[in-house]
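> Handing you this structure, nothing more for now.
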Protein chains: 2
Amino acid sequence: MTDQPRFNRARNTKRALYDEATVHAILDAGMVGHVGFVAEGRPMVMPMAYARGPGCIWLHGASKARIVTLARGMPLSMTVTLLDGIVAARSGFHHSVNYRSAVVHGKGRAVTDPAELDTALQAITEHLLPGRQAEIRPMTAQERKATGVVALTIEAASAKIRSGPPVDEAGDHGLGLWGGVVPVVTALGRGIPDGHTPGDVAEPRSVGRARARFAT
Amino acid sequence: MTDQPRFNRARNTKRALYDEATVHAILDAGMVGHVGFVAEGRPMVMPMAYARGPGCIWLHGASKARIVTLARGMPLSMTVTLLDGIVAARSGFHHSVNYRSAVVHGKGRAVTDPAELDTALQAITEHLLPGRQAEIRPMTAQERKATGVVALTIEAASAKIRSGPPVDEAGDHGLGLWGGVVPVVTALGRGIPDGHTPGDVAEPRSVGRARARFAT
């Protein structure tokens, strides 16, 4: 285990927040994280499903995926960004976006303990569809072998948030121009059953719970 | 200028596409990119506004932002991910997400030429709000100085797409369980004018154009 993670202030910004609750709320609201690692000196950024674990983020990959085979002990990061709006100002300079973003830095650790592997895989499924685990069949030993989970052990984390209207030059307020925010909305639709779903089987409750997370 | 960029196949996946048109369509549909760079051996991933330029991606930052001051000649990447759905299978193993993702790799180049800087800044604003440039006042020399643009010169790019229903084990089809896709929808709401917008000024046309991009 590492030391207690730092929830630290990001550099060069007035938009930085560093409390654990803010970081966790953003991680919980996100669906996909952008995971960074270095391979042959190059910065790699991969979208991955994830879940929060104790002092770590569990990341899901195939057991032969490059990030899983490379991740042992190497520096990793994950950024989760929730886009909330486009900020339309009266000058190009003050255009911006409203967003909530969390960044986690740490090291990779291959999850090999069978109990942690099961907990992690279930957490990743539950993160997308709360309660789904109880609706499906259990995992087989063969499937467990084919799945790779990397734990990003959290050493530091931070959040950045921009919200509210444009911050225009005072002199531009009298131009008679429209300034404001265009909301960006993310929502889940009704589940579309596949051809193997019996006609009398309703959309499962996990889907409704997932949809409720995004209802505003 | 670099050689002609490669639009190459990603490793270890049946979901890789590599044609230029697919990559461009994903970049055009995204609003925020996740930019990767290496600082002190650590992988950094930052959400940034962007636009496609000739053979490059223009990235917007403050002139003192770390990525702008560090980016000259260093390896950079950008990943844009569009989440389309949650794939609910009959086993945890086959749960997945439907998405379109483009990855661009290359090198950073600080944009210093005034003409390219103007073109890049306008393109970044237009990418979020098509036609906005004609609705606002021109940029001042002081603002131009305070803005940093990095060009990510494209050396290689690839796309990955997952679509369609869950791919379950044939033996699980008879379980009588619900399997299918939960659509993830991203949309823009009506623009919310700020307190400096005269009551008789309508939502600008650029906002309607941006909203139309996401209408399905």
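The values are calculated or read from the model by the stated rules, or taken from the named source; none is laboratory data. Keep in mind that this is a model prediction, so the values were computed, not measured. Here the Cβ is made from the backbone with ideal geometry for all residues, glycine too, and neighbour counts use every protein chain on show. Surface areas here come from the heavy atoms of the whole protein model, side chains and all, with no ligands, DNA or RNA. Shrake-Rupley method; radii C 1.70, N 1.55, O 1.52, S 1.80 Å.
> What tally of residues in the range B:167-193 results from selecting those that are part of a loop (DSSP other than H, G, I, E, B), under 26 Å from A:Thr197 (Cβ atoms) and not charged (D, E, K, R)?
Number satisfying all stated conditions: 5.
> Would a scan of the range A:127-135 turn up a residue that is part of a helix (DSSP H, G or I), at pLDDT 95 or above, under 18 Å from the mean Cα position of the chain (by Cα) and of a type outside the set (Gly, Ala, Ser)?
Yes: the range A:127-135 contains one or more residues that are part of a helix (DSSP H, G or I), at pLDDT 95 or above, under 18 Å from the mean Cα position of the chain (by Cα) and of a type outside the set (Gly, Ala, Ser).
> From the set of residues in the range A:59-94 that are of a type in the set (Lys, Arg), assigned to a loop (DSSP other than H, G, I, E, B) and surrounded by fewer than 23 Cβ atoms within 10 Å (Cβ to Cβ), which is modelled with the highest pLDDT?
A:Arg72
> Residue by residue through the range B:123-133, note down the ones that are open to solvent by less than 10 Å² (accessible area, probe 1.4 Å) and within 11 Å of A:Ser91 (Cβ to Cβ).
Passing the criteria: only B:Arg132.
> For residues in the range B:185-216 being closer than 12 Å to A:Gly180 by Cβ and aliphatic (A, V, I, L, M), which is surrounded by the most Cβ atoms within 10 Å (Cβ to Cβ)?
B:Val207
> How do the pairs read when you match residues in the range B:169-181 that are in contact (Cβ under 8 Å) with a residue 12 or more places away in the chain with residues anywhere that are of a type in the set (Phe, Trp, Tyr) and in a helix (DSSP H, G or I), using Cβ under 9 Å and keeping only pairs 6 or more apart or on different chains?
B:Glu169/B:Phe93
> Still on this structure, please answer the following. Could you say which residue among A:Thr119, A:Thr112, A:Thr125 is at the interface with chain B (Cβ under 8 Å from one of its Cβ atoms) and among the β-branched types (Val, Ile, Thr)?
Result of the check over A:Thr119, A:Thr112, A:Thr125: A:Thr125.
> Can I ask one more? Would a scan of the range A:140-148 turn up a residue that is surrounded by 18 or more Cβ atoms within 10 Å (Cβ to Cβ), modelled with pLDDT of 95 or more, of a type in the set (Gly, Ala, Ser) and in a strand (DSSP E or B)?
Here is the first cut: in the range A:140-148, the residues surrounded by 18 or more Cβ atoms within 10 Å (Cβ to Cβ) are A:147-148.
Those left that are additionally modelled with pLDDT of 95 or more: none.
No: the range A:140-148 contains no residue that is surrounded by 18 or more Cβ atoms within 10 Å (Cβ to Cβ), modelled with pLDDT of 95 or more, of a type in the set (Gly, Ala, Ser) and in a strand (DSSP E or B).
> Please find, among A:Ile161, A:Ile136, the residue that is open to solvent by 10 Å² or more (accessible area, probe 1.4 Å), farther than 23 Å from B:Met78 by Cβ, among the aliphatic types (A, V, I, L, M) and touching a strand residue (DSSP E or B) at 6+ places or on another chain (Cβ under 8 Å). Even if it seems obvious, please write down each step before you answer.
On the way: A:Ile161 fails: farther than 23 Å from B:Met78 by Cβ.
Of the residues listed, the single one that is open to solvent by 10 Å² or more (accessible area, probe 1.4 Å), farther than 23 Å from B:Met78 by Cβ, among the aliphatic types (A, V, I, L, M) and touching a strand residue (DSSP E or B) at 6+ places or on another chain (Cβ under 8 Å) is A:Ile136.
> Here are some residues: B:Thr153, B:Thr140. Which one is among the polar types (S, T, N, Q) and within 9 Å of chain A (Cβ to nearest Cβ)?
Step by step, each of B:Thr153, B:Thr140 is checked, and only B:Thr140 is among the polar types (S, T, N, Q) and within 9 Å of chain A (Cβ to nearest Cβ).
> Considering B:Val103, B:Val97, which residue is farther than 30 Å from A:Gln133 by Cβ, hydrophobic (A, V, I, L, M, F, W, C), open to solvent by 20 Å² or more (accessible area, probe 1.4 Å) and within 20 Å of the chain's Cα centre (by Cα)?
On inspection, the qualifying residue turns out to be B:Val103.
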